[in-house]
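The values are calculated or read from the model by the stated rules, or taken from the named source; none is laboratory data. This structure is a prediction, so every number in the text was calculated from the model and none was measured. Here the Cβ positions follow ideal geometry from the backbone for every residue, glycine too, while neighbour counts run over all protein chains shown. Surface areas here come from the heavy atoms of the whole protein model, side chains and all, with no ligands, DNA or RNA. Shrake-Rupley method; radii C 1.70, N 1.55, O 1.52, S 1.80 Å.
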Amino acid sequence: MNAPLPAEVLKQHLIDPEICIRCNTCEETCPIKAITHDSNNYVVDPEICNGCMACVPPCPTGAIDNWRLMVRAEAYGVQEQLGWEELPGEKALPETAAAAPAGGEPDAQQPVAPAPSTAPGATVPPWSAAHPYVNLYTHKTPMTATVVGNYRVTGADTESDIHHIVLDFGDLPFPVLEGQSIGILPPGVDAQGRAHHARQYSLASPRDGERAGYNNLSLTVKRVTEDHAGAAAHGVCSNYLCDLAKNDKVQVIGPFGHTFLMPNHPRANLIMICTGTGSAPMRAMTERYRRRIETGENGRLLLFFGARTERELPYFGPLMKLPRDFIDINLALSREAGQPKRYVQDLIRDRAGVVRELLADRNTCIYVCGLKGMEVGVLDALRDVTMQAGQDWSILHDALRREGRLHFETY
Ligand code: NAP
């Protein structure tokens with residue numbers, strides 16, 4: 001057992017600004033609001049952090065898992081950390097501070113047992129997920145990819161300008177799994193003159209490439225022209241990506257993500273729930289299954305896909321060509337003329353019978369990706385269909401999280 005640290009010594013929790021992709025997962029996960037951010041960095045407040053580790057497993061890059069033994073009075077403060085471009089090196093403790101006091105009480109601010117997760121989804125992958133590689137390429141050592149395709153996958157006359165972008169890695173290794181993401185480093189600098197930080201995009205292609213057997217992958221990118229509140233906003237990276245031409249070079253980091261992964265065992269079922277470009281990982285997983293149809297080992301695929309209109313639903317054409325006995329497709333259209341507004345959670349309730357049947361099977365994993373706002377609605381719908389059958393949702397929800405069978409990726 002580790003000896004308690006002297007009271008004046010703190011095991012300070014820090015986030016590596018060179019690896020962090022500013023995805024906000026840690027801030028959302030922290031049960032005691034010890035993590036904060038500005039336009040530069042995500043940082044941990046040493047006055048609040050109790051080392052509970054709740055934020056560590058969900059971090060897709062591992063940037064969160066940095067610790068320094070510090071004299072408490074000299075701990076790095078929030079303001080100082082916000083200005084960092086890189087982590088400071090390790091400092092030796094003064095000998096007086098390094099010696100543990102005899103019979104010292106455990107320090108309340110030293111790492112404690114993991115806090116019960118407050119996250120809506122699992123922080124572990126499904127038991128049979130393949131081993132993911134993460135952080136092979138970093139801000140300091142990015143990979144240069146070549147654009148080999150860039151085309152629009154939504155109706156030309158609609159506001160949603162969504163692109164399918166294919167990046168090729170040539171001879172260099174870039175091993176990925178469905179559900180993982182990569183970071184794109186847009187060229188140029190921000191208003192403060194600093195290089196733009198990386199933007200994260202989920203893979204839309206399966207592990208063996210957008211084109212099977214090729215060393216490439218695809219992304220689904222929506223050109224951002226307004227913020228979530230509808231005010232005009234220019235998305236730095238999305239506009240850069242949507243404007244790329246064939247043979248352009250792109251700086252890539254990653255891959256990231258070690259939990260939002262698909263099961264790898266025969267007859268595993270997938271319930272996929274997505275909105276808009278959140279369809280990227282669902283396309284990757286569906287394509288993985290499609291390429292394996294002939295093995296006869298596939299489980300069932302149930303898709304709930306939300307978009308404003310049919311013409312704004314990315315990949316509508318190819319999706320509708322998939323055989324009905326391969327995938328059960330449920331489209332929730334919210335702004336289709338002459339039709340009532342429908343969200344994915346409405347369709348989950350409409351299909352309560354099949355959802356319950358799949359939930360009862362421990363080979364079923366659930367993936368939710370897209371708008372942040374859908375999280376609550378989807379959880380409520382899953383709770384309702386469970387409780388309608390007289391079952392206890394809280395027991396099932398706990399089991400789904402514990403067994404890595406319920407995953408969220410929402411922004
Ligand atoms: P969007 O077009 O704005 O919306 C898609 C659909 O979701 C619309 O029908 C919308 O209905 C509906 N919706 C809105 N609020 C909802 C709620 N509370 N519950 C359920 N449905 C709701 O979507 P988008 O602009 O493509 O956004 C996709 C999101 O996915 C973004 O936040 C993006 O960051 C995230 N994402 C993207 C990737 C990627 O790799 N590109 C990966 C992971 C996540 P209304 O008509 O009411 O608006």
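Here is a check on your reading of the model: is residue 242 surrounded by 13 or more Cβ atoms within 10 Å (Cβ to Cβ), touching a strand residue (DSSP E or B) at 6+ places or on another chain (Cβ under 7 Å) and closer than 17 Å to residue 314 by Cβ?
When the stated conditions are applied, residue 242 passes them.
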If we ask which residues in region 171-191 are among the small types (Gly, Ala, Ser) and in contact with a strand residue (DSSP E or B) (Cβ under 6 Å, 6 or more places away or on another chain), their number turns out to be 2
Log entry, pairs with first residue in region 332-353 being more than 13 Å from residue 310 (Cα to Cα) and assigned by TED's automatic domain parsing to the domain that holds residue 308, second being open to solvent by 90 Å² or more (accessible area, probe 1.4 Å) and more than 10 Å from the ligand (Cβ to nearest atom), beta carbons closer than 8 Å, six or more apart or on different chains, reads 352/388
### Query
within 20 Å of the chain's Cα centre (by Cα) and closer than 22 Å to residue 317 by Cβ - does that describe any residue in region 152-162?
yes
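Quick check: anything in region 201-209 polar (S, T, N, Q), open to solvent by 10 Å² or more (accessible area, probe 1.4 Å) and assigned to a loop (DSSP other than H, G, I, E, B)? Steps first, answer last, please.
Step one: filter region 201-209 for residues polar (S, T, N, Q), giving 202, 205.
Restricting the remaining residues to those that are open to solvent by 10 Å² or more (accessible area, probe 1.4 Å) gives 202.
Of the ones still in play, those that are also assigned to a loop (DSSP other than H, G, I, E, B) are none.
Among the residues of region 201-209, not one is polar (S, T, N, Q), open to solvent by 10 Å² or more (accessible area, probe 1.4 Å) and assigned to a loop (DSSP other than H, G, I, E, B), which makes the answer no.
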Exercise for review: Please tell me if residue 309 is within 13 Å of the ligand (Cβ to nearest atom), open to solvent by less than 50 Å² (accessible area, probe 1.4 Å) and not assigned by TED's automatic domain parsing to the domain that holds residue 163.
Suggested key: yes
Result of the Cβ filter at 8 Å on region 216-228, keeping first residues that are closer than 16 Å to residue 247 by Cα and partners that are open to solvent by 70 Å² or more (accessible area, probe 1.4 Å) and within 10 Å of the ligand (Cβ to nearest atom), at least 6 apart or interchain, is none
* To do: Taking residue 396 as the residue in question, decide whether it is touching a residue at least 60 places away in the same chain (Cβ under 8 Å), away from the ligand (no atom under 16 Å from the Cβ), among the aliphatic types (A, V, I, L, M) and assigned by TED's automatic domain parsing to the domain that holds residue 286.
  => no
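Could you list, in sequence order, all residues of region 168-192 that are assigned to a loop (DSSP other than H, G, I, E, B), within 16 Å of the ligand (Cβ to nearest atom) and more than 14 Å from residue 139 (Cβ to Cβ)?
176, 177, 178, 179, 180
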From the option list 335, 300, 342, single residue qualifying as modelled with pLDDT of 95 or more and within 26 Å of residue 259 (Cβ to Cβ) is 300
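Pick from 371, 319, 358, 302: which is in contact with a Ser or Thr (Cβ under 6 Å, 6 or more places away or on another chain), more than 13 Å from the ligand (Cβ to nearest atom) and of a type in the set (A, V, I, L, M)?
Values: 371 fails: more than 13 Å from the ligand (Cβ to nearest atom); 319 fails: in contact with a Ser or Thr (Cβ under 6 Å, 6 or more places away or on another chain); 302 fails: in contact with a Ser or Thr (Cβ under 6 Å, 6 or more places away or on another chain).
So the residue among 371, 319, 358, 302 that is in contact with a Ser or Thr (Cβ under 6 Å, 6 or more places away or on another chain), more than 13 Å from the ligand (Cβ to nearest atom) and of a type in the set (A, V, I, L, M) is 358.
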* For residue 286, indicate whether it is under 21 Å from the mean Cα position of the chain (by Cα) and open to solvent by 10 Å² or more (accessible area, probe 1.4 Å). => yes
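Residue-by-condition table, conditions (1) in the same structural domain as residue 303 (by TED's automatic domain parsing); (2) assigned to a helix (DSSP H, G or I); (3) not aliphatic (A, V, I, L, M):
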| site | (1), (2), (3) |
| --- | --- |
| 228 | no, no, yes |
| 234 | no, no, yes |
| 237 | no, yes, yes |
| 241 | no, yes, no |
| 246 | no, no, yes |
| 251 | no, no, yes |
| 263 | no, no, yes |
| 274 | yes, no, yes |
| 277 | yes, yes, yes |
Going through (1) touching a residue at least 60 places away in the same chain (Cβ under 8 Å); (2) within 25 Å of the chain's Cα centre (by Cα) one by one, residue 311 fails only at (2)
Looking across region 18-53 at residues that are more than 26 Å from residue 252 (Cβ to Cβ), open to solvent by 20 Å² or more (accessible area, probe 1.4 Å) and β-branched (Val, Ile, Thr), the single one that is farthest from the chain's Cα centre (by Cα) is 48
Counting only residues that are under 27 Å from residue 255 (Cβ atoms), assigned to a loop (DSSP other than H, G, I, E, B) and open to solvent by 30 Å² or more (accessible area, probe 1.4 Å), region 54-86 contains a total of 6
Residues in region 375-393 that are within 16 Å of the ligand (Cβ to nearest atom) and either open to solvent by 10 Å² or more (accessible area, probe 1.4 Å) or within 14 Å of the chain's Cα centre (by Cα) (or both) total 7
